[in-house]
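Take a look at the structure below.
The values are calculated or read from the model by the stated rules, or taken from the named source; none is laboratory data. Everything quoted here is computed from the prediction, not taken from an experiment. All Cβ positions, glycine included, derive from the backbone under ideal geometry; neighbour counts span all protein chains shown.
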Amino acid sequence: MSALSIRKQKEKASQSVAPSRSVWAGSSGSWMLAALLAALTAVVYSGVGGFGFITMDDGLYVAQNGHVAAGFTGEGLGWAFTTTLLGNWHPLTWISLMADSQFFGVGPTGYHVTNVALHIFNVLLVFFLLRRLTGSTGRSAVVAALFAVHPLHVESVAWISERKDVLSTAFWLLGIWAYARWREKTTAGRYAAVAGAMIMGLLAKPMLVTFPVTLLLLDIWPLERLTGANRSLRAFGRLAWEKVPLFLLAGAFSVVTFWAQRTASAVATLDRVPAPLRLANAIHSYVAYLGKMLWPAGLAMFYSYPATMPPIWETAACLAAFAAITAYAVRALPRHPYVTFGWLWYAVTLIPVIGLVQVGSQALADRYVYVPSLGIFVMAVWGGSEALSRVFAKRLAGSGQPSRAPAAAACGLILALAVAAYGQTKLWKDDLTAWERVAAVTGPSYLSEYNLSRAYDERGRYGEALAHLRNAARIEPGRVEAYNNIAALLIRQGNYGEAESALRTALRVNPQFVPAVSNMGVALGKLERYEEAFRYHKQAVELDPRNPEFSGNFAASHCDLGVELAAKGQLQAAAAEFLSATSIYPDYWQAYFNLAQAYEGLRMLDAAERAYEKSLSIEPSSAEAHNNLGVLLGRGGKLTEAIAHFREALRLKPDYSDAAGNLRIAMEPQGAGAR
């Protein structure tokens with residue numbers, strides 16, 4: 001039998017077990033698949049629009065970020081390009097969040113809906129890109145479906161702060177689309193489109209520094225630019241050379257990213273996370289992510305970094321597994337290039353977030369595999385399809401009937417993952433649910449206990465908040481924030497003595513931690529140790545003069561000291577303290593009220609009247625200020641105005657006996673004697 005006859009028989013056998021292409025092969029079939037993919041993704045994430053903000057990061061990104069809440073402003077756009085908040089420089093991400101605020105308001109719904117819309121867009125891009133590059137509609141649809149519904153991707157979509165993931169990936173995939181067009185016609189304009197998409201992606205998240213390498217991987221498969229006589233180092237060098245401008249862009253953005261992270265003190269030092277521990281964690285993470293892809297259970301928003309080196313045998317086993325898969329992937333290039341492409345895509349795109357440069361305190365994160373997982377999905381779908389085709393080719397040989405088993409298996413897997421992902425989204429409905437999940441999956445850690453305390457605090461469940469804060473302080477005794485927050489909760493509960501003790505511990509850890517310094521002033525003031533309180537408030541303002549909270553506390557310290565002086569009969573000194581309070585915090589109505597009372601005692605009645613009026617201009621609902629001002633006006637013969645203030649005091653406080661008595665006196669002919 002001739003080689004041609006053998007090849008024809010193989011082609012015939014392959015066609016006999018291939019899924020029917022009558023429905024999906026054409027353009028209309030592809031659009032039907034695209035609609036199904038979009039609908040499936042929308043169903044999985046259908047509940048996300050009603051979710052709230054997450055304590056970690058969402059506050060700084062949107063909930064308490066004035067620049068984002070203001071929408072599009074000149075100041076906000078300038079800030080987006082200059083800030084390194086949270087150790088990130090990603091102006092396009094900030095601008096996209098500002099757009100949500102501009103068009104949908106500052107509630108969480110708009111941000112969530114945009115994240116889901118971007119994810120759906122990415123799903124469709126994955127489908128149409130693979131279909132264009134490989135010519136396979138069915139396999140491309142399965143990869144896109146896995147990308148759409150895998151539970152590992154829920155974090156990138158359901159967490160508002162991860163807008164950078166879905167947004168940067170959109171430009172990554174658009175850049176690949178532009179590269180495919182450039183390969184069809186190598187013009188400068190089309191190359192500029194590739195570079196432009198890369199720049200936009202980098203402005204959304206610096207993870208695109210590996211973008212040029214992924215284009216080289218596409219040259220291997222499915223573009224097959226390194227086949228036959230072209231499979232040489234010289235040919236590879238030519239492919240790399242044409243991407244030099246993109247590598248230069250990646251280098252420039254890498255420098256900017258490292259600068260941003262160092263500026264925000266987000267990069268862990270080698271003293272804190274030694275190099276051997278980083279390498280071990282990176283090796284473990286490569287294997288751990290694979291495990292999560294194969295069995296996506298026990299997912300959470302935070303996985304604590306190991307405090308000590310893992311057992312050497314575990315690291316050796318992970319390294320051996322990684323090396324074995326890499327060796328197999330390289331050897332598979334001639335016969336199964338999609339394996340080489342898929343594994344190297346996974347290995348390379350994880351490098352920026354694998355922890356060799358450790359940013360943050362997490363060992364790994366589900367969101368980090370949003371893009372890298374595509375390589376594993378391609379390996380699984382193309383490899384699985386070939387394996388199933390061979391199996392069913394033997395069983396159905398000669399029957400002439402196409403096998404529906406591969407399609408049924410794919411649909412079953414996608415449905416199971418979709419159900420799991422739908423359940424996973426519910427764990428992101430609010431910060432309390434998310435952090436309870438972290439504690440359940442990973443056990444108590446400083447971060448989970450600290451953020452659980454914040455979640456309970458926001459819900460008014462102060463006892464539970466305090467218990468979690470104490471756990472956080474026990475886990476990491478050197479963290480000043482926990483002690484300060486313990487004190488803040490105790491102050492709110494009126495336990496000022498215990499709050500002072502917690503704050504003294506906090507200030508031993510960090511004497512310059514301004515919130516603790518200010519809170520010490522508050523606690524001491526409540527304990528009526530006004531002069532000590534004054535010194536702490538003054539220190540807080542000197543450390544951070546532009547913070548309105550600390551200025552307000554400093555003003556309160558002046559006010560408290562003034563009250564103490566007034567009680568001792570030192571009215572002149574008390575008035576000076578009240579004036580100092582108003583100079584620090586001009587809208588401090590209580591200071592003006594106290595100042596008016598001091599002026600009354602000093603017989604400076606005109607000044608007292610003006611101080612009462614100023615107090616009421618800031619806080620018009622003070623019945624006491626209305627009553628006291630009415631008394632002054634009555635004494636000055638301004639009975640009509642006095643009566644109006646007494647009536648307003650009674651409207652605000654119907655059982656106010658002093659105001660009722662003064663009104664009765666003012667209504668009499670001798671009402672000028674009202675008191």
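Out of the residues in segment 198-236 that are hydroxyl-bearing (Ser, Thr, Tyr) and closer than 30 Å to residue 256 by Cβ, which is farthest from the chain's Cα centre (by Cα)? Step through it out loud before you land on a result.
So in segment 198-236, the residues hydroxyl-bearing (Ser, Thr, Tyr) come out as 210, 214, 227, 232.
Of the ones still in play, those that are also closer than 30 Å to residue 256 by Cβ are 210, 214.
Details: 210: 23, 214: 26 Å.
The selected residue is 214.
Determine which member of the set 321, 316 is touching a helix residue (DSSP H, G or I) at 6+ places or on another chain (Cβ under 8 Å), of a type in the set (Gly, Ala, Ser) and assigned to a helix (DSSP H, G or I). Show your work before the answer.
Numbers: 316 fails: touching a helix residue (DSSP H, G or I) at 6+ places or on another chain (Cβ under 8 Å).
On inspection, the qualifying residue turns out to be 321.
Filter segment 89-121 down to residues that are of a type in the set (A, V, I, L, M, F, W, C) and outside any helix (DSSP H, G or I) and give me whichever is nearest to residue 259 (Cα to Cα).
Restricting attention to segment 89-121, the residues satisfying the condition of being of a type in the set (A, V, I, L, M, F, W, C) are 89, 92, 94-95, 97-99, 103-104, 106, 113, 116-118, 120-121.
Filter once more, so that each one left must be outside any helix (DSSP H, G or I): 89, 106.
Details: 89: 9, 106: 30 Å.
Checking each candidate, the answer is 89.
Among the residues of segment 443-461, is any part of a helix (DSSP H, G or I), more than 30 Å from residue 296 (Cα to Cα) and either out of contact with any strand residue (DSSP E or B) (no Cβ under 7 Å at 6 or more places or on another chain) or not hydrophobic (A, V, I, L, M, F, W, C) (or both)? Walk me through how you get there before you give the answer.
Start the filter on segment 443-461 by keeping residues that are part of a helix (DSSP H, G or I), which leaves 446-458.
Then keep just the ones that are more than 30 Å from residue 296 (Cα to Cα); that gives 457-458.
Keeping just the survivors that are either out of contact with any strand residue (DSSP E or B) (no Cβ under 7 Å at 6 or more places or on another chain) or not hydrophobic (A, V, I, L, M, F, W, C) (or both) gives 457-458.
Scanning segment 443-461 turns up at least one residue that is part of a helix (DSSP H, G or I), more than 30 Å from residue 296 (Cα to Cα) and either out of contact with any strand residue (DSSP E or B) (no Cβ under 7 Å at 6 or more places or on another chain) or not hydrophobic (A, V, I, L, M, F, W, C) (or both).
Residue by residue, here is whether (1) loosely packed, with under 15 Cβ neighbours inside 10 Å; (2) within 28 Å of residue 128 (Cα to Cα) holds:
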site: 298; (1), (2): yes, no
site: 325; (1), (2): no, no
site: 329; (1), (2): no, yes
site: 338; (1), (2): no, yes
site: 347; (1), (2): no, yes
site: 364; (1), (2): no, no
site: 372; (1), (2): no, yes
site: 376; (1), (2): no, yes
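Looking at segment 76-86, which of the residues that are of a type outside the set (Phe, Trp, Tyr) and farther than 25 Å from residue 430 by Cβ is surrounded by the fewest Cβ atoms within 10 Å (Cβ to Cβ)?
Initial filter on segment 76-86 (of a type outside the set (Phe, Trp, Tyr)): 76-78, 80, 82-86.
Next, only the ones that are farther than 25 Å from residue 430 by Cβ stay: 76-78, 80, 82-84.
Values: 76: 20, 77: 15, 78: 12, 80: 22, 82: 9, 83: 18, 84: 17.
Within segment 76-86, the match that is surrounded by the fewest Cβ atoms within 10 Å (Cβ to Cβ) is 82.
Please verify whether residue 573 is buried (at least 21 other Cβ atoms within 10 Å of the Cβ) and either of a type outside the set (D, E, K, R) or more than 33 Å from the chain's Cα centre (by Cα) (or both), treating the condition exactly as stated. Show your work before the answer.
Working: buried (at least 21 other Cβ atoms within 10 Å of the Cβ): no; either of a type outside the set (D, E, K, R) or more than 33 Å from the chain's Cα centre (by Cα) (or both): yes.
In short, no.
Considering only residues that are modelled with pLDDT of 95 or more and among the small types (Gly, Ala, Ser), which ones fall in segment 301-331?
Within segment 301-331, 316, 317, 320, 321, 323, 324, 327, 329 meet the criteria.
Taking only pairs six or more apart or across chains, which ones have beta-carbon atoms under 7 Å, a first residue in segment 37-50 that is in contact (Cβ under 8 Å) with a residue 12 or more places away in the chain and under 11 Å from residue 418 (Cα atoms), and a second residue that is surrounded by 15 or more Cβ atoms within 10 Å (Cβ to Cβ) and among the aromatic types (Phe, Trp, Tyr)?
Filtered contacts from segment 37-50: 44/422.
Considering only segment 449-506, state which residues are of a type in the set (D, E, K, R) and under 23 Å from residue 272 (Cβ atoms).
So the first thing to find is which residues in segment 449-506 are of a type in the set (D, E, K, R), and the list is 449, 454, 457-459, 461, 464, 470, 474, 476, 479, 481, 492, 498, 500, 504.
Residues satisfying the conditions are 449, 474, 476, 479, 481.
Here is a list of conditions, (1) modelled with pLDDT under 90; (2) farther than 23 Å from residue 447 by Cβ; (3) of a type outside the set (Val, Ile, Thr); (4) crowded, with 17+ Cβ neighbours inside 10 Å, and residue 268 meets all of them except one; can you say which number that is?
(2)
Scan 578, 550, 593 and give me the residue that is farther than 14 Å from residue 534 by Cβ, of a type in the set (Phe, Trp, Tyr) and surrounded by 20 or more Cβ atoms within 10 Å (Cβ to Cβ).
Only one candidate qualifies: 593.
Scan segment 56-75 residue by residue and report those that are of a type outside the set (A, V, I, L, M, F, W, C) and buried (at least 22 other Cβ atoms within 10 Å of the Cβ).
Pass one, segment 56-75, residues of a type outside the set (A, V, I, L, M, F, W, C): 57-59, 61, 64-67, 71, 73-75.
Matches in segment 56-75: 61 only.
Table: residues versus (1) assigned to a helix (DSSP H, G or I); (2) crowded, with 19+ Cβ neighbours inside 10 Å; (3) at pLDDT 85 or above.
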| position | (1), (2), (3) |
| --- | --- |
| 383 | yes, no, yes |
| 402 | no, no, no |
| 417 | yes, yes, yes |
| 421 | yes, yes, yes |
| 425 | yes, yes, yes |
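Only one residue in 235, 252 is without any contact (Cβ under 8 Å) to a residue 24 or more places away in the chain, closer than 30 Å to residue 160 by Cα and of a type in the set (A, V, I, L, M, F, W, C). Which one?
Result: 252 is the single residue among 235, 252 that is without any contact (Cβ under 8 Å) to a residue 24 or more places away in the chain, closer than 30 Å to residue 160 by Cα and of a type in the set (A, V, I, L, M, F, W, C).
Give just the number: which of (1) farther than 23 Å from residue 570 by Cα; (2) more than 55 Å from the chain's Cα centre (by Cα); (3) assigned to a helix (DSSP H, G or I) does residue 637 not satisfy?
Looking at each condition in turn, residue 637 falls short on (3).
State whether one or more residues within segment 610-633 are touching a residue at least 40 places away in the same chain (Cβ under 8 Å) and not aromatic (Phe, Trp, Tyr). Working first, answer last.
If we filter segment 610-633 for residues that are touching a residue at least 40 places away in the same chain (Cβ under 8 Å), which is where we start, we get 630-631.
Next, only the ones that are not aromatic (Phe, Trp, Tyr) stay: 630-631.
Looking through segment 610-633, at least one residue is touching a residue at least 40 places away in the same chain (Cβ under 8 Å) and not aromatic (Phe, Trp, Tyr).
Here are some residues: 124, 129, 86. Which one is in a helix (DSSP H, G or I) and closer than 26 Å to residue 261 by Cα? Talk me through it step by step, then tell me what you get.
Details: 124 fails: closer than 26 Å to residue 261 by Cα; 129 fails: closer than 26 Å to residue 261 by Cα.
One residue alone meets the criteria, 86.
Of the residues 378, 348, 357, only one is out of contact with any Lys or Arg (no Cβ under 8 Å at 6 or more places or on another chain), at pLDDT below 95 and not basic (Lys, Arg); which?
On the way: 378 fails: at pLDDT below 95; 348 fails: at pLDDT below 95.
Just one listed residue meets the conditions, 357.
Can residue 588 be described as surrounded by 20 or more Cβ atoms within 10 Å (Cβ to Cβ), without any contact (Cβ under 8 Å) to a residue 40 or more places away in the chain and either more than 24 Å from residue 613 (Cα to Cα) or over 38 Å from the mean Cα position of the chain (by Cα) (or both)? So that I can check it myself, show each step before the final result.
Working: surrounded by 20 or more Cβ atoms within 10 Å (Cβ to Cβ): yes; without any contact (Cβ under 8 Å) to a residue 40 or more places away in the chain: yes; either more than 24 Å from residue 613 (Cα to Cα) or over 38 Å from the mean Cα position of the chain (by Cα) (or both): no.
Spelling it out, it is not the case that residue 588 is surrounded by 20 or more Cβ atoms within 10 Å (Cβ to Cβ), without any contact (Cβ under 8 Å) to a residue 40 or more places away in the chain and either more than 24 Å from residue 613 (Cα to Cα) or over 38 Å from the mean Cα position of the chain (by Cα) (or both).
Could you say which residue among 290, 277 is part of a helix (DSSP H, G or I), free of Cβ contacts under 8 Å to residues at least 60 places away in the same chain and either of a type in the set (S, T, N, Q) or surrounded by 13 or more Cβ atoms within 10 Å (Cβ to Cβ) (or both)?
Values: 290 fails: free of Cβ contacts under 8 Å to residues at least 60 places away in the same chain.
Sole residue among the options that is part of a helix (DSSP H, G or I), free of Cβ contacts under 8 Å to residues at least 60 places away in the same chain and either of a type in the set (S, T, N, Q) or surrounded by 13 or more Cβ atoms within 10 Å (Cβ to Cβ) (or both): 277.
What are the residues in segment 115-139 that are among the polar types (S, T, N, Q) and either out of contact with any Ser or Thr (no Cβ under 7 Å at 6 or more places or on another chain) or crowded, with 24+ Cβ neighbours inside 10 Å (or both), if any? Quick ask: steps written out before the conclusion?
At the first step, the residues of segment 115-139 found to be among the polar types (S, T, N, Q) are 115, 122, 134, 136-137.
115, 122, 136, listed by residue number.
Does segment 600-618 include one or more residues that are at pLDDT 90 or above, in a helix (DSSP H, G or I) and under 21 Å from residue 538 (Cβ atoms)? Full working, then the answer.
Going through segment 600-618, the residues at pLDDT 90 or above turn out to be 600-618.
Checking which are in a helix (DSSP H, G or I) leaves us with 600-601, 605-618.
From what is left, the residues that are under 21 Å from residue 538 (Cβ atoms) are none.
Checking segment 600-618: not a single residue is at pLDDT 90 or above, in a helix (DSSP H, G or I) and under 21 Å from residue 538 (Cβ atoms).
Go through segment 172-215 residue by residue and tally those that are within 21 Å of residue 95 (Cβ to Cβ) and outside any helix (DSSP H, G or I).
Residues in segment 172-215 being within 21 Å of residue 95 (Cβ to Cβ) and outside any helix (DSSP H, G or I): 1 in total.
Would you say residue 634 is in contact with a Lys or Arg (Cβ under 9 Å, 6 or more places away or on another chain) and either more than 20 Å from residue 563 (Cα to Cα) or at pLDDT 90 or above (or both)? Quick ask: steps written out before the conclusion?
Numbers: in contact with a Lys or Arg (Cβ under 9 Å, 6 or more places away or on another chain): yes; either more than 20 Å from residue 563 (Cα to Cα) or at pLDDT 90 or above (or both): yes.
So residue 634 passes the test.
Might you check whether a residue that is buried (at least 19 other Cβ atoms within 10 Å of the Cβ) and touching a Leu at 6+ places or on another chain (Cβ under 8 Å) occurs anywhere in segment 38-53?
no
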